[in-house]
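Engineer: One structure follows; several queries about it will come next.
The values are calculated or read from the model by the stated rules, or taken from the named source; none is laboratory data. Not measured: the values here are computed from a predicted model. Backbone-built Cβ (ideal geometry, glycine too); neighbour counts: all protein chains shown.
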Amino acid sequence: MSVNIHIKNAVKRFGNNTIIPDLSLDVQEGEFFTLLGPSGCGKTTLLRMIAGFNTIEGGDFYFNEKRINDLDPAKRNIGMVFQNYAIFPHLTVRKNVAFGLKNKKFPKDQIEELTDKFMKLVHVDEYANRIPERLSGGQQQRVALARALVIAPDVLLMDEPLSNLDAKLRVEMRGVIKKIHSDVGITTIYVTHDQEEAMAVSDRIAVMNEGEIQHIGSPKNVYQRPANVFVASFIGRTNMLKAELVIKAKKPYLCLPGGFEINIEGVKSEHMNDMDVQVSIRPEEFVLYDENEPGLKGTVTDNIFLGLNTHYNVTLATGEEVEIIQESSIQSTIEKGMKVSLQIKKEKINIFTADGSENILLGVKNDKKE
Amino acid sequence: MNQLRRKSKLEIWNLIAYLIVALYLIFLIFPLIKILRSSLDMPDGTRSLGNFKRFFSDPYYFKTLVNSFQVSIVVTFFSLILGVPLAYFYNMYQMKGKKFLQVVIILCSMSAPFIGAYSWILVLGRNGVITRFLESIFHFTMPNIYGFKGIVISLTSRLFPMVFLYTSGALKSIDNSLIEASQNLGIKGVKMFFKVIVPLCMPSILAASLIVFMRALADFGTPLMIGEGFRTFPVEIYNAYVGEVGQNFGFAAAISIVAISITAIVFLIQKWATSKFSFTINAMHTIESKKAKPGLNVFIHFYSYLLVSVAMLPQVYLWYTSFKNTSKSGNVFIDGYSLMSYREVMKRGLDTSIRNTAVVGFLAVAIILILAIFVSYLVVRRRSFKSQLIDTMSMIPYVLPGSVVGIALISSFNTKPLILTGTVAIIVISMVIRRIPYTIRSSVAILGQIPISMEEAAISLGSNKIKTFFGITVPMMGNGIISGALLSWVTIITELSTSIILYTAKSQTLTVFTYVFVSRGSDGQAAAVATVLSLFTIISLTVFMLFSKDKDVTM
């Protein structure tokens, strides 16, 4: 049975050090919810508060209607997958998977049946009687997953489960995790610092920084309409430029460095004023043109051919360095030292207030609770 | 929130912590305070610093300190010179019979020190087999082995294996690529040994030399046996205590205090030095032993086997003499072989000694194991003032020479409310006190390497705290702890300096029993008991090897 999770005004302190000042969020039943942020942002701390391994200094945690703040970790009915897998090295794979069922005093035949079922689900059934030491990292991770799922937990918590695997296995395992989640349909909270991994597996992502939630939204929304500059620069790569918003005849124009001006759409009505802004233009949102075309003027300082795409570093006439990604063409790449003009896919860029705290465009969907 | 906190106050771990603190206070701190007080007691019933004055002003006593230091420095020097090359050869080159060599080396380090000294007397003493052989055939008189020389030979042959074991451990953690890098840069052979290998092993060599130094300094059995006129201070403590010229307890206590201060200083120097030289290396690919060039190959085999045989042969000779016939008094060997020495010691209570040794060993090891597991859990997982206090107290016995532990216990538990003198219990307690720091240190290290997420995983799977501790934590510590316990067991059954002070006819162990025969001059019977003790040791080591598989032996 899956649950939804409410967290209201959570506070976490270690001594005098406040890690999480005041955090609220809701996770829907059956949802794959990811906490994403740089290391030290409090995401693992929050996960461990939900699991019961960290004390809670303030606020309320609910599974459905049940407050779990003071509930013993052993009684929260949580499945947890740890960064280092935490597979018991002295028990066989089968005994590892059966461990939780034994604690719950399941009848013997049922333990056998469920253990078999979940070992098959994650494809470790052929290693059932092996000692985990002899399994590869990916196999150990599968055992950890089976062990967490077999007890039919209300919530599955995963703490950077793929960070100890090599790149190829990481991609493979996130597919496995995503598939198992859709098969089992259990409410899942997943912690990672890898934004690509977060986008690949999540229904919704909560981007965290310094103990606070910045943006909660679908992968698409978080990437395309980030709530603030932190989210824009943490998710994916982006070029941040200083610019001015100018209102002419009730229409907003963006005045970029060097005087290049474009008209834009979708500015929130409360921000329809002349003001300084920050513009986030992702590398793929630039288009390179001949230097005689209108646009941001600059000089190519480096080009890197990566097959599908070619990356260019361009120094603007005003001094800023920007990164550009173009699909590789059959013509020769633009050489170093060439002067170019940059135009912008204006419907894709994001514009923030000068302090970077708010996206002034429409279309930001932030489920963050104030 | 409040409720939760109050509940955790009553938690089982707090109770265990209080219990352990109480045990330490009763059996360690109280006896130490007692001995500190006694050191001020003058024979005439007054209290003053007179005992200390007497020790430091009378050259006769002060000389014992100088002697002890002399012995320790020389023994450390020779142990290093012999042990480091042996470890180097053993790990760098292919050798015949490696396993056998290792077993013998470990066996050398495990024998009771005074039995080692005694076997040297049997071989090279006034009436020793080699001495007589040389005299009768070549009319050559061997130089006298008693005194300084004898102590150094006997202690070195027992302690160089420590250096070997420590250095081997360090060599095993050197990555082969470091050797290759050194050769690639044009440094090999002897130059590489001094420029690369020795510096890399320095932390371990240092640790080994200080352990050797401490053991040599605090050793009691060897100088007692072979020292004759050469007096060292552990023997002086014993003499003042048993009183060749009338017992003087206050004086024994005073020397004990001096001894503790010295060992404490040495210990602190050790800690400082190891922290200076500490770096961790971890080998992905351990050094592969190569085939040595023919000339070198002969040399390393010759060196290793000669060294090990010289260290071991006196003991083998001791075993041999246990099967020789003796005169009726038991003091002189006569022709022929039989089990008469064994029959004789059986009549005089060999079975009781075996039983006592087994009981003391088992009980002490069991208590040590339980305490060490609990203490390490408190120290690693439940950091608090209590656990810090326990951690600190558990280090104290490191610096207590065995005879001091004996005297401290006897002076503390010979009156009501707790009279333990003359019981097996007091010997068990003394053994627990002496060995527990080693087991606690290794348990703390082992537990420190087990990620806490193992326990969290168990708890999140519905296992309660006690079940998690016994079902997950203890089994994961298991292997390492058990091999440590077996080493403790061997040390306990070969121990003399504490039990010689605490024993009575009822509670005598095999080592004490051997000593009794040695001091009566009943060589055959002493040899028989010593052989039984060796047998015990060998069996224990075999079990240890089976348990620890390819893991290293460290003390």
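Engineer: Determine whether B:A292 is touching a strand residue (DSSP E or B) at 6+ places or on another chain (Cβ under 6 Å) and either free of Cβ contacts under 8 Å to residues at least 24 places away in the same chain or in the same structural domain as B:Q102 (by TED's automatic domain parsing) (or both).
Structural biologist: Numbers: touching a strand residue (DSSP E or B) at 6+ places or on another chain (Cβ under 6 Å): yes; either free of Cβ contacts under 8 Å to residues at least 24 places away in the same chain or in the same structural domain as B:Q102 (by TED's automatic domain parsing) (or both): yes.
Against the criterion (touching a strand residue (DSSP E or B) at 6+ places or on another chain (Cβ under 6 Å) and either free of Cβ contacts under 8 Å to residues at least 24 places away in the same chain or in the same structural domain as B:Q102 (by TED's automatic domain parsing) (or both)), B:A292 qualifies.
Engineer: Could you say whether any residue in the stretch A:32-41 is surrounded by fewer than 15 Cβ atoms within 10 Å (Cβ to Cβ), in contact (Cβ under 8 Å) with a residue 12 or more places away in the chain, in a loop (DSSP other than H, G, I, E, B) and polar (S, T, N, Q)?
Structural biologist: Yes, some residue in the stretch A:32-41 is surrounded by fewer than 15 Cβ atoms within 10 Å (Cβ to Cβ), in contact (Cβ under 8 Å) with a residue 12 or more places away in the chain, in a loop (DSSP other than H, G, I, E, B) and polar (S, T, N, Q).
Engineer: At pLDDT 85 or above, within 25 Å of the chain's Cα centre (by Cα) and either more than 14 Å from chain A (Cβ to nearest Cβ) or on the phi < 0 side of the Ramachandran plot (or both): does that describe B:L486?
Structural biologist: Details: at pLDDT 85 or above: no; within 25 Å of the chain's Cα centre (by Cα): yes; either more than 14 Å from chain A (Cβ to nearest Cβ) or on the phi < 0 side of the Ramachandran plot (or both): yes.
Considered against the rule, which asks whether it is at pLDDT 85 or above, within 25 Å of the chain's Cα centre (by Cα) and either more than 14 Å from chain A (Cβ to nearest Cβ) or on the phi < 0 side of the Ramachandran plot (or both), B:L486 comes out as no.
Engineer: Of these, B:K63, B:K99, which one is among the basic types (K, R), under 23 Å from the mean Cα position of the chain (by Cα) and assigned to a helix (DSSP H, G or I)? Don't jump to the end; show me each part of the working.
Structural biologist: Numbers: B:K63 fails: under 23 Å from the mean Cα position of the chain (by Cα).
Just a single option satisfies the conditions, and that option is B:K99.
Engineer: Which residues, counting only those in the stretch B:9-53, are among the basic types (K, R) and either under 26 Å from B:I396 (Cα atoms) or modelled with pLDDT of 85 or more (or both)? Give the derivation first.
Structural biologist: Here is the first cut: in the stretch B:9-53, the residues among the basic types (K, R) are B:9, B:34, B:37, B:47, B:53.
Across the stretch B:9-53, the qualifying residues are B:K34, B:R37, B:K53.
Engineer: Another question, then. So, in the stretch A:176-193, exactly how many residues are away from chain B (no Cβ under 14 Å), farther than 10 Å from A:G79 by Cβ, outside any helix (DSSP H, G or I) and touching a strand residue (DSSP E or B) at 6+ places or on another chain (Cβ under 8 Å)?
Structural biologist: The qualifying residues number 4.
Engineer: Follow-up. Let me confirm something: among B:V399, B:V404, B:V379, which residue is among the aliphatic types (A, V, I, L, M) and either in contact with an Asp or Glu (Cβ under 7 Å, 6 or more places away or on another chain) or assigned by TED's automatic domain parsing to the domain that holds B:P113 (or both)?
Structural biologist: Numbers: B:V399 fails: either in contact with an Asp or Glu (Cβ under 7 Å, 6 or more places away or on another chain) or assigned by TED's automatic domain parsing to the domain that holds B:P113 (or both); B:V404 fails: either in contact with an Asp or Glu (Cβ under 7 Å, 6 or more places away or on another chain) or assigned by TED's automatic domain parsing to the domain that holds B:P113 (or both).
Checking each option against the conditions leaves just B:V379.
Engineer: Is it the case that some residue within the stretch B:495-515 is within 14 Å of another protein chain (Cβ to nearest Cβ) and at pLDDT below 90? Working first, answer last.
Structural biologist: Just the residues of the stretch B:495-515 that are within 14 Å of another protein chain (Cβ to nearest Cβ), to begin with: none.
No, the stretch B:495-515 contains no residue that is within 14 Å of another protein chain (Cβ to nearest Cβ) and at pLDDT below 90.
Engineer: Further question on the same structure: For residues in the stretch B:437-460 being crowded, with 24+ Cβ neighbours inside 10 Å and more than 22 Å from A:V150 (Cα to Cα), which is nearest to the other protein chains (Cβ to nearest Cβ)?
Structural biologist: Checking each candidate, the answer is B:S443.
Engineer: Looking at A:V314, A:V277 in this structure, which one is surrounded by 14 or more Cβ atoms within 10 Å (Cβ to Cβ), within 28 Å of A:I216 (Cβ to Cβ) and touching a residue at least 12 places away in the same chain (Cβ under 8 Å)?
Structural biologist: Details: A:V314 fails: within 28 Å of A:I216 (Cβ to Cβ).
Unique residue meeting the criteria: A:V277.
Engineer: Look through the stretch B:461-481, keep the residues that are of a type in the set (A, V, I, L, M, F, W, C) and either in contact with a strand residue (DSSP E or B) (Cβ under 9 Å, 6 or more places away or on another chain) or more than 7 Å from chain A (Cβ to nearest Cβ) (or both), and return whichever of them is surrounded by the most Cβ atoms within 10 Å (Cβ to Cβ).
Structural biologist: So in the stretch B:461-481, the residues of a type in the set (A, V, I, L, M, F, W, C) come out as B:461, B:466, B:469-470, B:472, B:474, B:476-477, B:481.
Next, from what is left, pick out any that are either in contact with a strand residue (DSSP E or B) (Cβ under 9 Å, 6 or more places away or on another chain) or more than 7 Å from chain A (Cβ to nearest Cβ) (or both): B:461, B:466, B:469-470, B:474, B:477, B:481.
Details: B:L461: 27, B:I466: 9, B:F469: 19, B:F470: 12, B:V474: 16, B:M477: 21, B:I481: 21.
This residue is B:L461.
Engineer: Also, quick follow-up: Report those helices (runs of 4 or more DSSP H) wholly inside the stretch B:166-248 carrying at least 1 residues which are under 26 Å from B:T156 (Cβ atoms). Lay out the reasoning, then the answer.
Structural biologist: Numbers: elements: B:176-184, B:189-192, B:198-218, B:221-226, B:233-242.
Hits in the stretch B:166-248: B:189-192, B:198-218, B:221-226, B:233-242.
Engineer: Would you say A:M173 is in a helix (DSSP H, G or I), surrounded by fewer than 24 Cβ atoms within 10 Å (Cβ to Cβ) and modelled with pLDDT of 90 or more? Before you say what the answer is, go through the steps one by one.
Structural biologist: Numbers: in a helix (DSSP H, G or I): yes; surrounded by fewer than 24 Cβ atoms within 10 Å (Cβ to Cβ): yes; modelled with pLDDT of 90 or more: no.
Taking the combined requirement at face value, the residue does not satisfy it.
Engineer: Can you tell which of B:T415, B:T421, B:T357, B:T392 is surrounded by fewer than 22 Cβ atoms within 10 Å (Cβ to Cβ), out of contact with any Cys (no Cβ under 8 Å at 6 or more places or on another chain) and modelled with pLDDT of 85 or more? Before the answer, list the steps.
Structural biologist: Working: B:T415 fails: modelled with pLDDT of 85 or more; B:T421 fails: modelled with pLDDT of 85 or more; B:T357 fails: surrounded by fewer than 22 Cβ atoms within 10 Å (Cβ to Cβ).
Unique residue meeting the criteria: B:T392.
Engineer: Being touching a residue at least 40 places away in the same chain (Cβ under 8 Å), of a type outside the set (G, A, S), within 14 Å of chain B (Cβ to nearest Cβ) and touching a strand residue (DSSP E or B) at 6+ places or on another chain (Cβ under 9 Å), is that true of even one residue in the stretch A:123-142?
Structural biologist: yes
Engineer: Let me ask you something else. Can you pull out every residue in the stretch A:43-63 that is in contact with a helix residue (DSSP H, G or I) (Cβ under 7 Å, 6 or more places away or on another chain) and more than 8 Å from chain B (Cβ to nearest Cβ)? Full working, then the answer.
Structural biologist: Applying the first criterion (in contact with a helix residue (DSSP H, G or I) (Cβ under 7 Å, 6 or more places away or on another chain)) to the stretch A:43-63 yields A:51-54, A:56, A:61.
Matches in the stretch A:43-63: A:N54, A:I56, A:F61.
Engineer: Checking the condition under 26 Å from B:A207 (Cβ atoms) and either more than 25 Å from the chain's Cα centre (by Cα) or buried (at least 16 other Cβ atoms within 10 Å of the Cβ) (or both), which residue from B:V74, B:V123 passes?
Structural biologist: B:V74
Engineer: How many of the residues making up the stretch B:492-507 are surrounded by fewer than 21 Cβ atoms within 10 Å (Cβ to Cβ) and assigned to a helix (DSSP H, G or I)? I'd like the intermediate steps shown before the answer.
Structural biologist: First, the residues of the stretch B:492-507 that are surrounded by fewer than 21 Cβ atoms within 10 Å (Cβ to Cβ): B:504-506.
Cutting the leftovers down to assigned to a helix (DSSP H, G or I) gives us B:505-506.
The number of residues fulfilling the criteria is 2.
Engineer: Same structure again: For the stretch A:27-42, what are the residues that are under 15 Å from A:P219 (Cα atoms) and either in contact with an Asp or Glu (Cβ under 9 Å, 6 or more places away or on another chain) or within 14 Å of chain B (Cβ to nearest Cβ) (or both)?
Structural biologist: Matches in the stretch A:27-42: A:E31, A:F32, A:F33, A:T34, A:L36, A:G37.
Engineer: Would you check if A:L149 is of a type in the set (A, V, I, L, M, F, W, C), within 14 Å of chain B (Cβ to nearest Cβ) and within 18 Å of the chain's Cα centre (by Cα)?
Structural biologist: Against the criterion (of a type in the set (A, V, I, L, M, F, W, C), within 14 Å of chain B (Cβ to nearest Cβ) and within 18 Å of the chain's Cα centre (by Cα)), A:L149 does not qualify.
Engineer: I need the full set of residues from the stretch B:27-59 which are among the β-branched types (V, I, T), exposed (fewer than 15 other Cβ atoms within 10 Å of the Cβ) and in contact (Cβ under 8 Å) with a residue 40 or more places away in the chain, in order please. Quick ask: steps written out before the conclusion?
Structural biologist: Narrowing the stretch B:27-59 to residues among the β-branched types (V, I, T): B:29, B:33, B:35, B:46.
Keeping just the survivors that are exposed (fewer than 15 other Cβ atoms within 10 Å of the Cβ) gives B:29, B:33, B:46.
Passing the criteria: only B:I29.
Engineer: Which numbered condition trips up A:S136, out of (1) at pLDDT 90 or above; (2) surrounded by fewer than 18 Cβ atoms within 10 Å (Cβ to Cβ)?
Structural biologist: If we test A:S136 against (1) at pLDDT 90 or above; (2) surrounded by fewer than 18 Cβ atoms within 10 Å (Cβ to Cβ), just (1) comes out false.
Engineer: For B:V516, work out the one condition from (1) part of a helix (DSSP H, G or I); (2) touching a residue at least 24 places away in the same chain (Cβ under 8 Å) it doesn't fulfil.
Structural biologist: The one condition B:V516 does not meet is (2).
Engineer: Another question, then. Which of the residues belonging to the stretch A:64-87 are surrounded by fewer than 21 Cβ atoms within 10 Å (Cβ to Cβ) and more than 9 Å from chain B (Cβ to nearest Cβ)?
Structural biologist: Correct list: A:N64, A:E65, A:K66, A:R67, A:L71.
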